[in-house]
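Working notes, beginning with the structure itself.
The values are calculated or read from the model by the stated rules, or taken from the named source; none is laboratory data. In this text, all values refer to a predicted model and were calculated from it rather than measured experimentally. Neighbour counts run over all protein chains shown; Cβ positions are idealised from the backbone, glycine included. Heads up: the accessible areas ignore ligands, DNA and RNA and are worked out on the full protein's heavy atoms, side chains in. Shrake-Rupley method; radii C 1.70, N 1.55, O 1.52, S 1.80 Å.
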Amino acid sequence: MPITFTRCGSALHRVVARSAYSPCAARSYSNYVFQENDIVLVQKKTDASAKQILSKPLRPGRRVNTTTGHIDHESIIGLSPRAVVAAGKGEYRIYKPTLGEYTNLTARIVTPVYPADANLIVSLLDLNPTVPDPSSSSPSPPLEIFEAGTGHGALTLHLARAIHAANPAPPPIPSPPRPAPAPDSEEGTSSDLVDAEHQAAVDKWEAYKPTRRAVITTLDVSARHSAHAKTVVAGWRKGMYAHSVDFHVGSIPEYIASRLATSPEPFLDHTILDLPDCHLYLETISQALKEDGTVLVFCPSITQVIACVKQAKKEVLPLVLESTLEIGQAAGVGGRVWDVRAVRARSFVRAEAEKVEGAEEAVESGTEGSEAAAETIAETTPKEAKPLKPEGDGWNMVCRPKVGDRVVGGGFVGVFRRVVK
Ligand SMILES: C[S@@+](CC[C@H](N)C(=O)[O-])C[C@H]1O[C@@H](n2cnc3c(N)ncnc32)[C@H](O)[C@@H]1O
């Protein structure tokens, strides 16, 4: 039996023909070699703080440009992760990027949620999807997570990673349809064949969609952001999570209303809002959220979480704030818990009650000032029409601890739970 030595942690271990009993057996997975279309991370071999370069999908004829020269994609294809390659006078190590490195380093048109924050946000949802069970005779409705806005697609990918294993293996996602050939072109039957193949792929994909057991529905008001995020999701490990994500462009109220119009039952297990003025969407979301589901708002400032609490109170929404966390480097691992509650001084509540009682008496007796009194009562009933613009003058106060010159990521998370009304 061949005997080799391998390093596990800092100690050298003797491994007998990669025995399953070896303490390092679980790590002997790296006989992987880079293939065409893989995306790799390139970094100077001797400098762990050097700039990381994310390649385009590996294809013959392409190159990675570095400060000391270029590396041909052909010379990377077939190498193992951590292999060293020369570029001019420099030596570079080739890595498999992590999901966080990928979302941080992909070209961006909007600021993504940073990996540490994304991981914490995903963990707050406590997702535990089960694997498909073909023998089960009573399929449950799919777990659905609604995310707005999509932005860069960074949080979308982290969410998709948490749920994708609940889904059966997908067929290939159809590529966009080919543009119609010019009327005088000679493509004829060959183009018909391509169209038929495309249609077959679309049919397969449409048949697959209802079999999914967990879906991220992600919406952005910007078509440009959504299209870019779609390429980010499709680019991660050859689109390994793309089948678990549905992209939509438009407004939150319109989208939710269109879904409730087809089926009035609440359909969302969780919602994540990472956009300005989250408080304006809580009422709409609470209509679509299943009982015990969560709405997580991610805001740059604690005052915006407070605006959500106030809105939930004002509109008498079936949402309770379960926890408030400050997340990011300044808050440390796991976030810093804040105590955010809507409280009113006893004297204020008493005065309010007296005011309402006085108003009721005034309305009944038809005395002078009855109009003002009626207004007071109206103010205390929930509003039917929701304003979809910032209230007041639109200003929000920035309110967060300042740490150092540059704050990377971070913010405040409010986790609301849907309770019985
Ligand atoms: C900070 S980015 C979200 C980043 C994202 N979570 C990520 O990890 O990449 C905010 C996004 O919200 C979108 N947005 C702003 N207002 C919106 C609205 N009312 N409805 C939907 N999306 C909105 C913006 O277009 C932008 O793409």
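Tabulated data for the structure shown
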{"item": "Residue check, residue 337 modelled with pLDDT under 95 and either within 16 Å of the ligand (Cβ to nearest atom) or under 23 Å from the mean Cα position of the chain (by Cα) (or both)", "result": "yes"}
{"item": "Hits in region 325-350 (condition: assigned to a strand (DSSP E or B) and aromatic (Phe, Trp, Tyr))", "result": "338"}
{"item": "Total residues in region 137-151, condition within 16 Å of the ligand (Cβ to nearest atom) and among the polar types (S, T, N, Q)", "result": "1"}
{"item": "Top-ranked residue in region 268-294 [being closer than 17 Å to residue 113 by Cβ and within 11 Å of the ligand (Cβ to nearest atom); ranked as most open to solvent (accessible area, probe 1.4 Å)]", "result": "276"}
{"item": "Residue match in region 88-104 (condition: open to solvent by 60 Å² or more (accessible area, probe 1.4 Å), free of Cβ contacts under 8 Å to residues at least 60 places away in the same chain and within 20 Å of residue 160 (Cβ to Cβ))", "result": "yes"}
{"item": "Condition broken by residue 322, with the remaining ones in (1) open to solvent by 40 Å² or more (accessible area, probe 1.4 Å); (2) part of a helix (DSSP H, G or I); (3) assigned by TED's automatic domain parsing to the domain that holds residue 298 satisfied", "result": "(2)"}
{"item": "Residue match in region 233-240 (condition: within 21 Å of residue 114 (Cα to Cα) and in contact with an Asp or Glu (Cβ under 9 Å, 6 or more places away or on another chain))", "result": "yes"}
{"item": "Residue pairs meeting the criteria (Cβ under 7 Å; at least 6 apart or on separate chains; first assigned by TED's automatic domain parsing to the domain that holds residue 216, in region 129-150; second within 16 Å of the ligand (Cβ to nearest atom) and part of a loop (DSSP other than H, G, I, E, B))", "result": "148/275; 149/221; 149/274; 149/275"}
{"item": "Positions within region 67-89 being assigned to a strand (DSSP E or B) and within 13 Å of residue 45 (Cβ to Cβ), in sequence order", "result": "71, 84, 85, 86, 87"}
{"item": "Residues satisfying the stated conditions in region 231-251, i.e. open to solvent by 10 Å² or more (accessible area, probe 1.4 Å), aliphatic (A, V, I, L, M) and within 12 Å of the ligand (Cβ to nearest atom)", "result": "249"}
{"item": "Filter pass, residue 311 being in the same structural domain as residue 159 (by TED's automatic domain parsing), more than 16 Å from the ligand (Cβ to nearest atom) and surrounded by 15 or more Cβ atoms within 10 Å (Cβ to Cβ)", "result": "no"}
{"item": "Among (1) more than 16 Å from the ligand (Cβ to nearest atom); (2) open to solvent by 30 Å² or more (accessible area, probe 1.4 Å); (3) not in a loop (DSSP other than H, G, I, E, B), the one test that residue 119 misses", "result": "(1)"}
{"item": "Only one of 103, 111 that is in a helix (DSSP H, G or I), closer than 30 Å to residue 254 by Cβ and among the β-branched types (Val, Ile, Thr)", "result": "103"}
{"item": "Test: residue in region 253-267 that is closer than 21 Å to residue 113 by Cα and out of contact with any Asp or Glu (no Cβ under 7 Å at 6 or more places or on another chain)", "result": "no"}
{"item": "Given (1) more than 16 Å from residue 256 (Cβ to Cβ); (2) within 23 Å of the chain's Cα centre (by Cα); (3) not acidic (Asp, Glu), number of the condition residue 289 does not satisfy", "result": "(1)"}
{"item": "Test: residue in region 6-16 that is at pLDDT below 50 and within 23 Å of residue 92 (Cα to Cα)", "result": "yes"}
{"item": "Failed criterion for residue 221 (all others in (1) open to solvent by 50 Å² or more (accessible area, probe 1.4 Å); (2) without any contact (Cβ under 8 Å) to a residue 60 or more places away in the chain; (3) within 12 Å of the ligand (Cβ to nearest atom); (4) not charged (D, E, K, R) hold)", "result": "(2)"}
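So that you can scan it fast, the table gives a plain yes or no per residue for (1) assigned to a helix (DSSP H, G or I); (2) crowded, with 17+ Cβ neighbours inside 10 Å; (3) within 15 Å of the ligand (Cβ to nearest atom); (4) modelled with pLDDT under 95:
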{"position": "179", "(1), (2), (3), (4)": "no, no, no, yes"}
{"position": "189", "(1), (2), (3), (4)": "yes, no, no, yes"}
{"position": "197", "(1), (2), (3), (4)": "yes, no, no, yes"}
{"position": "201", "(1), (2), (3), (4)": "yes, no, no, yes"}
{"position": "225", "(1), (2), (3), (4)": "yes, yes, yes, no"}
